[in-house]
């Protein structure tokens with residue numbers, strides 16, 4: 001009997017060791033955590049737009065999270081529990097970068113969350129885009145055991161997690177390497193101007209929970225039924241910063257107001273094709289314009305849009321926000 005018990009314990013220990021196959025917490029040997037004050041950081045996000053998620057996705061009557069403001073995710077991460085914006089269950093954020101992020105050896109950017117301890121992680125998927133319309137997700141890996149369900153009062157282990165934002169505690173960013181997406185021909189790895197974060201719903205019940213890129217359920221704190229529930233975004237640091245072209249620096253257009261209510265005013269230098277897309281990439285407006293123009297958009301729903309301005313030399317993307 002004793003031998004059987006010892007063998008069972010040995011198997012559990014070996015299983016635990018194999019599962020923890022990814023980088024450990026900040027300060028430990030092999031950690032990939034990047035400090036918010038690291039000298040390798042070249043810049044930070046220029047703007048942020050948030051679509052809030054529910055406090056608890058299986059109880060929509062509880063309402064949406066509302067802690068923080070999108071501006072709290074712009075500029076350098078603060079590394080505390082207050083200067084953040086919360087996404088809620090399944091909520092998302094889109095951040096813009098000007099100059100863009102480019103791909104070089106090693107990590108190219110890092111995402112900062114506000115976890116208060118090494119073993120408390122609220123996670124998010126990370127997607128990037130070079131045109132503001134087509135987003136591509138980093139392959140993500142979670143080997144966290146599915147039992148028990150992690151709650152707001154229990155803990156996980158960052159050694160089980162890879163390529164999910166929120167892996168590291170506040171003040172330390174989770175790095176991402178664009179080489180992981182080098183097989184996608186539609187993505188310009190040297191001109192990443194948009195990053196989208198999507199909150200992981202950590203419920204191990206697949207009715208509501210989410211899966212990593214291997215089809216495994218992701219177990220993270222759930223439910224978090226309060227105003228600051230879900231992933232809490234502190235900032236995104238640029239490690240490898242691109243350079244604006246001369247044409248981009250000159251600006252071939254002027255757009256105002258932004259945010260807008262029912263119309264946009266565009267001042268185009270020369271002639272340009274104008275395309276406006278909604279949040280999911282569907283076209284809502286297209287025309288060829290020059291000079292001063294007023295575009296009526298009063299029938300569009302409130303939310304995030306992207307306008308592409310293209311001439312024979314250059315194509316540029318700008319994020320728009322419509323509200324009443």
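Bear in mind that the values in this text are calculations on the coordinates, not laboratory data. Computed from a predicted structure; not experimentally measured. All Cβ positions, even for glycine, are placed from backbone atoms using ideal geometry, and neighbour counts span all protein chains on display.
Between rounded, prolate and oblate, where does region 125-280 land on the alpha carbon gyration tensor, with a ≥ b ≥ c its root eigenvalues, rounded for a/c under 1.5, else prolate if a/b exceeds b/c?
Values: a/c = 2.47, a/b = 1.94, b/c = 1.27.
In terms of gyration-tensor shape, prolate.
For helix 2-19, what angle does its Cα long axis make with the longest principal axis of the chain, in degrees from 0 to 90 and rounded to 10?
20
Per DSSP H run of at least 4 residues, take -39500 (n - 2.57); add these up for the chain, divide by its residues and hand me the 222 nm value, nearest 500 deg cm²/dmol.
Values: 2 runs with 23 residues, N = 324.
Value at 222 nm, helices only: -2000 deg cm²/dmol.
Neighbour counts of other C-beta atoms within 10 Å: give me 137, 308 arranged from fewest to most.
Working: 137 15, 308 19.
Listing 137, 308 from fewest to most nearby Cβ atoms yields 137, 308.
According to a simple spin-label model (label point 7 Å from Cα along Cα-to-Cβ), what is the distance in nm between residue 324 and residue 216?
So the two model labels end up 4.6 nm from each other.
Restricting to Cα pairs below 8 Å that are 6+ residues apart, what does the relative contact order work out to for region 246-322? Please round to a whole percent.
Numbers: 158 pairs, mean separation 24.5, N = 77.
Rounded, it is 32 percent for region 246-322.
Quick one: if the Förster radius is 35 Å, what FRET efficiency do residue 80 and residue 29 give, using the C-beta to C-beta distance and rounding to 0.05? Can you show the working numbers first?
Details: r = 27 Å, r/R0 = 0.76.
Approximately 0.85, to the nearest 0.05.
So between residue 46 and residue 286, what do we pick up on full extension, going 0.36 nm a residue minus the alpha carbon distance? Kindly include the intermediate steps, with their values, before the conclusion.
Details: separation 240, 0.36 × 240 = 86.40 nm, distance 2.65 nm.
Length gained between residue 46 and residue 286: 83.8 nm.
Can you give the extra length, in nm with one decimal, that the chain gains between residue 38 and residue 190 once fully stretched, where that is 0.36 nm per residue apart less the Cα-Cα distance?
Gain on stretching residue 38 to residue 190: 52.5 nm.
Determine the relative contact order of the chain: mean sequence separation of Cα pairs under 8 Å and six or more apart, normalised by residue count, in whole percent. If you can, show how the numbers build up before the last one.
On the way: 854 pairs, mean separation 68.0, N = 324.
With pairs under 8 Å counted, the relative contact order is 21 percent.
When a/c reaches 1.5 or more, the comparison of a/b and b/c decides; with that in mind, is the chain rounded, prolate or oblate per its Cα gyration tensor? Display every interim value, and only then the final one.
Values: a/c = 2.37, a/b = 1.81, b/c = 1.31.
Prolate, since a/c reaches 1.5 and a/b exceeds b/c.
Taking a ≥ b ≥ c as the square roots of the eigenvalues of the Cα gyration tensor of region 246-322, is the shape rounded (a/c under 1.5), prolate (a/b larger than b/c) or oblate? Walk me through the numbers before you get to the answer.
Details: a/c = 1.79, a/b = 1.55, b/c = 1.15.
Note, shape of region 246-322 comes out prolate.
Using the beta-carbon distance between residue 262 and residue 62 and R0 = 25 Å, what value does 1/(1 + (r/R0)^6) give for FRET efficiency, to the nearest 0.05?
On the way: r = 33 Å, r/R0 = 1.31.
The computed FRET efficiency comes out at 0.15.
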